1. For the residues L64, L41, L12, L4, what sequence is obtained by ranking on other C-beta atoms within 10 Å, fewest first?
2. Treating only the Cβ atoms of Lys and Arg (+1) and Asp and Glu (-1) as charged, compute the dipole magnitude of the chain about its Cα centre; round to the nearest 20 debye.
3. Fewest Cβ neighbours within 10 Å first, please rank V32, V43 accordingly.
4. Got a sec? How would S60, S49, S16 order by Cβ neighbour count within 10 Å, fewest to most?
Amino acid sequence: MWTLINDCGKQLTIHSKVRENQEAHIVAYEIVEVESDQYKLKVIERNNSPATEVVISKLSCVQLKKYAFEVYQKE
């Protein structure tokens, strides 16, 4: 189940799956590194298609919340 990120420290770890869901544009990421309040994200899927190139982004918890990222949590 996808839920909004509201507590990075409790919800996010290495290998967590997160996504950016902006209307018809969905990008899924895997967290590959955590350093303090910085999360290194690797694109794994764009609009339900596997990523064809390696794209890495580094975002803080504040940015993840600001852009309404969601985290996948098993029910």
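1. Working: L64 25, L41 22, L12 18, L4 12.
So the residues, fewest neighbours to most, are L4, L12, L41, L64.
2. Numbers: 10 positive and 11 negative charges, 10 e Å.
Magnitude of the dipole: close to 40 debye.
3. Working: V32 13, V43 18.
Fewest-to-most Cβ neighbours within 10 Å comes out as V32, V43.
4. Working: S60 13, S49 7, S16 18.
Going from least to most buried by this count: S49, S60, S16.
Since every read-out is calculated from the coordinates, none of them should be taken as a lab result. Owing to the predicted nature of the structure, the values given are computational and were not obtained by experimental measurement. Reconstructed Cβ throughout: ideal geometry from the backbone, glycine too, with neighbour counts over all protein chains shown.
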